[in-house]
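Novice: Below you'll find the structure I mean.
The values are calculated or read from the model by the stated rules, or taken from the named source; none is laboratory data. The structure displayed is predicted, hence computed values, not measured ones. Note that we place each Cβ from the backbone using ideal geometry, even for glycine, and neighbour counts take in every protein chain shown. The accessibility values were calculated without ligands, DNA or RNA, using every heavy atom of the protein model including side chains. Shrake-Rupley method; radii C 1.70, N 1.55, O 1.52, S 1.80 Å.
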Amino acid sequence: MSLLDWLGETERLVAERLSVARPAWRLLRRDRAAMRAWARYRGAVAEALGEEAAERYTRCVVAVAEVDGEIARTLALTIPDQLPRILPEMRERYFDHLLALIPLRPEALPMVARALPDLLGTLGEEALGAFLREGVELHGQSHQRAESFLKQESEVGQLARQRLQRGLGLAQVSRVMSLYARAHCGEDVQIRGGSGQAFSDGHHVYLPEQIDRFGDERDFLMYRVLTALSAGYLEFGTFDLRLDQIPGEWPERREGEGEVERFFRSFPNRTLARDLFQILEDVRVERRIRTEYPGVARDLDQLGAAVRGDRPEPPGAAARAVEVLARRAWGLPGLRVADPQEAAAIDGAVDALIGRLGGLEGLGAASVQEVAAAVAASYAQFDGLMRKAEPGQKPGQKPGQKPGQKPEQRPGGGQERGQERGQERGQERGQEGQVPQGVRPEAARPEDRRVEEQARRIWEREPIRPQEARQRLRREQAEEQARRERPGSGAERRDEGTEAEGPGGAVVPPEPEHEERRKPSGDRPEADPDLLPGERIFRYREWDSNIGDYKPDWVCVRERRLKEGSQTYVAEVMERHRHRIQELRRRFEALRPQAMVRQDRLWDGTDLDLDRLVEDRINQRLGGERTDRVYTRDVRARRDVAVAFLLDMSSSTNESADGSARRIIDVEKEALILTAEAIHALGDSFAIFGFSGYGRGQVQFFVAKDFGEPWDDRARARVGRIGFKMENRDGAAIRHATERLRRWSARTRLLIHISDGKPLDCGCDHYYDRYAQEDTRVALREARQVGIHPFCITVDPTARAYLPRMFGEVAYTVIDRVELLPARLVQVYRRLAV
């Protein structure tokens, strides 16, 4: 090592040590614990995310320590967990927003640090700053309200974001675009926020968090086109690149690295290579899309040049060459280059690249291998345009390079030094983002890189496309996830958390309330032998008493139909209560309306309406119009009552009812069968539902008998199939039963809720105690507000301690002895409906 090199290395080491020692000393003066927390994670941040991220992390912790050492300590522990969730280009914004909030309310910073990664890119800079300030102001009133606001788990938070957001937001269309992308790709593609850009990482589709280009329905059209184009990279094989099928020397593959990412890494200037590849792939994929999807082609034509973005004139010869290629490829007006010598060199480079592909006309039939091979062969010619030619040199010839001599850097050689030079040359271009960054394999998350590594082993072993290998692994992952999420016994997970607090966790992807989605039976293995294949999925809000607001789209209700059970159980119940059932039938049949009601002013009937005929004749003489509605008919009066029975099927119903072998669930089924026989004799419409589940994403809603279905042996057998399951999230089940009743036409609608105790769901979000009881109370109030009359029956002897708070606004009754339920249920129905 020369003396100059040694001095340079020494200077670098000293600077590196000082960059750590100075903040360590400042933190030590303020708070020793904050210094230890920072020192523990600073090196890990630098190793995982780079020195720049570590420096910003350090500056933020030190700035907060100047105000409050304890907060700085919490922040030093919080930020490292959040940084991996943030795209590299968004990290500077993350720290800028944290620093800007220090003077306002430093104690809120740890909360903001946790919520901010999900907000970056969803709003513009000014709007995001205003949103954060609103959340921080709420922190002074309630920490929980502020956190729910920032996480957009509360209606207030979502309304604030919508107020500040311009144009069409991704959250409003993400579900539709997800289905659209999956229809194109035929696999479980996710839609994620792309920090203002549309691209694919080889696994998923990233879209801008908002589009405000037109201010009308064309913004939605833009989302749809960007989804189709980004999904097109997956559908038409952009990420199926195989470097072993392209001539040249390529760098050693890194673990989890995709072939496209490895391809870009092979060039001294990755930005230039990426842009050349991107332009040609955009044209190739778009032409394939136009051929396969004429509807998308019409959308592209309608949007026109808006899809290409702004096309400013770039500085630098290489950047101008890329722009010339882009405009020629997309059929846009050409770029005027003032220097004739430079223009000739650019035209030569562009013509050579296009010529290697046989012209733009045939690009739609080309493969990604051919595109990559053409870029690799043409790269040096474009790279040479970055330096002005010395006197006597030809364009593209390096200083000191003899004519005909190959350039130093070619794909596969000198990557590390070339990378540094390439970063400097990329600054010369000054046009980052000039070409839409549609292919971004470096954005893949660690879990996707693990898939990439496993997929590589498959397609090296088997003759299949890389994309097919990824799809296979995705399906296996989905099946494994379904197996992990399948409800088991409540005891298996009950010890995971014991704190009585409101739900936390990520926001449920936006989906319109009550909007249903059918799930095919083959999507996941059947977990419950009592259920038929297939399910319908609904989302409902939930009341959070801790923040005094709703959490929109918080709970996922999965509606399933029960199979028919053994007729033996129903037959035994019917035989045991034979005399009771006959008596009930007689009593209820006697209550059926017998009177006749006359309907008049009909188009057709059994008699003429004389009063209407006289009135019609007078009207004609006065110049009015004649009417044919002059008939009457006598019809029997009809009851117009509908009732939904909602049965708690939690695991606690497996307990003994009266000290014998009979369980609470058995007594509840007996009560339902007896009551159903009586209602059937009366002629009222009724449905029998049950509910259980585990966690807010797995609220199971079971249909034993639906409205409009006959009460026959099949329906009785389904009631006989009712059994205990897991836990009970009453609020969500009541809201879904309310929605079912609201959609059924009847003058009087009743909801009879049968439970054996408090609402309890110890899934991941701890739904019990005051939180669960308040949500149940609000759900019952919502039912009453839409004209449904709820009534609650509980067989919990201790219920009088909490029922007034839960059901104080609606009618309820407590049955101390569960064996009395059948008789009491019939009495309750007769009092309510008759």
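Novice: Report the FRET efficiency, 1/(1 + (r/R0)^6), for Arg308 and His579, where r is their Cβ-Cβ distance and R0 is 56 Å, rounded to 0.05.
Specialist: Numbers: r = 82 Å, r/R0 = 1.46.
Efficiency, from the Cβ-Cβ distance: 0.10.
Novice: Could you tell me which of the pairs Lys151/Lys725; Lys551/Lys705; Lys669/Lys725; Lys669/Lys705; Lys563/Lys669; Lys151/Lys758 are separated by over 24 angstrom between their Cα atoms in the structure shown? Spell out each step's value before the answer.
Specialist: Details: Lys151/Lys725 32 Å; Lys551/Lys705 31 Å; Lys669/Lys725 14 Å; Lys669/Lys705 13 Å; Lys563/Lys669 15 Å; Lys151/Lys758 29 Å.
In this structure, Lys151/Lys725; Lys551/Lys705; Lys151/Lys758 exceed 24 Å between Cα atoms.
Novice: First check a/c for region 774-834, with a ≥ b ≥ c the square roots of the eigenvalues of its C-alpha gyration tensor; if it is under 1.5, answer rounded, and if not, answer prolate when a/b is larger than b/c or oblate otherwise. It would help to have the intermediate numbers written out before the result.
Specialist: Details: a/c = 3.07, a/b = 1.21, b/c = 2.54.
Oblate is the answer for region 774-834, as a/c is 1.5 or above yet b/c matches or exceeds a/b.
Novice: Over region 651-738, what percent of the accessible surface lies on carbon and sulfur atoms, probe 1.4 Å? Display every interim value, and only then the final one.
Specialist: Numbers: 970 of 2110 Å².
Ligands and nucleic acids excluded, carbon and sulfur give 46 percent.
Novice: Then there is this: With a 1.4 Å probe and every protein chain left in place, work out the accessible area per residue of region 147-212 in Å², rounded to a whole number. Don't jump to the answer; show the numbers that get you there.
Specialist: On the way: 2350 Å² over 66 residues.
Counting only protein heavy atoms, the per-residue value for region 147-212 is 36 Å².
Novice: How much length is gained if the chain between Trp330 and Arg633 is pulled fully straight, taking 0.36 nm per residue apart and subtracting their Cα-Cα distance, in nm to one decimal?
Specialist: On the way: separation 303, 0.36 × 303 = 109.08 nm, distance 7.31 nm.
Extra length available between Trp330 and Arg633 comes to 101.8 nm.
Novice: Compute the separation of the alpha-carbon centres of region 213-270 and region 811-834 and state it in Å as a whole number.
Specialist: Measuring centre to centre over Cα atoms gives 65 Å.
Novice: Also, I was wondering about something else. Considering amide H positions built from the backbone, and no H for Pro or chain starts, which residues 5 or more places from Phe686, or on another chain, come under 5 Å of its amide H?
Specialist: The answer is Val643, Gly708.
Novice: Apply 1/(1 + (r/R0)^6) to the Cβ-Cβ distance of Ala352 and Glu255, taking R0 = 41 Å, and write down the FRET efficiency to the nearest 0.05.
Specialist: After rounding, the FRET efficiency stands at 0.70.
Novice: Roughly speaking, what is the stretch gain from Leu610 to Asp713, that is 0.36 nm per residue apart minus the C-alpha to C-alpha distance, in nm to one decimal?
Specialist: Working: separation 103, 0.36 × 103 = 37.08 nm, distance 4.91 nm.
Extra length from Leu610 to Asp713 when fully extended: 32.2 nm.
Novice: Order the peptides 547-554, 47-54, 336-343, 89-96 from the highest to the lowest mean number of other Cβ atoms within 10 Å of their residues. Don't jump to the answer; show the numbers that get you there.
Specialist: Details: 547-554: 21.2, 47-54: 15.1, 336-343: 12.6, 89-96: 17.5.
Ranked by mean Cβ neighbours within 10 Å, highest first: 547-554, 89-96, 47-54, 336-343.
Novice: Cα gyration tensor of region 644-757, axes a ≥ b ≥ c as square roots of the eigenvalues: rounded (a/c below 1.5), prolate (a/b > b/c) or oblate?
Specialist: Judged from the Cα gyration tensor, region 644-757 comes out oblate (a/c at least 1.5, b/c at or above a/b).
Novice: Also, I was wondering about something else. For region 32-40, take each phi angle, set θ = phi - 60°, evaluate the Karplus expression 6.51 cos²θ - 1.76 cosθ + 1.60, and give the result in whole Hz per residue in order, putting x for glycine and proline.
Specialist: Once θ is set to phi - 60°, the couplings for region 32-40 become 5, 5, 5, 5, 5, 5, 5, 4, 5 Hz.
Novice: Quote to one decimal, in nm, the extra length available between Gln190 and Arg29 on full extension: 0.36 nm per residue of separation minus the C-alpha distance between them. Before the final figure, lay out each step's value.
Specialist: Values: separation 161, 0.36 × 161 = 57.96 nm, distance 4.72 nm.
Length difference between fully extended and current span is 53.2 nm.
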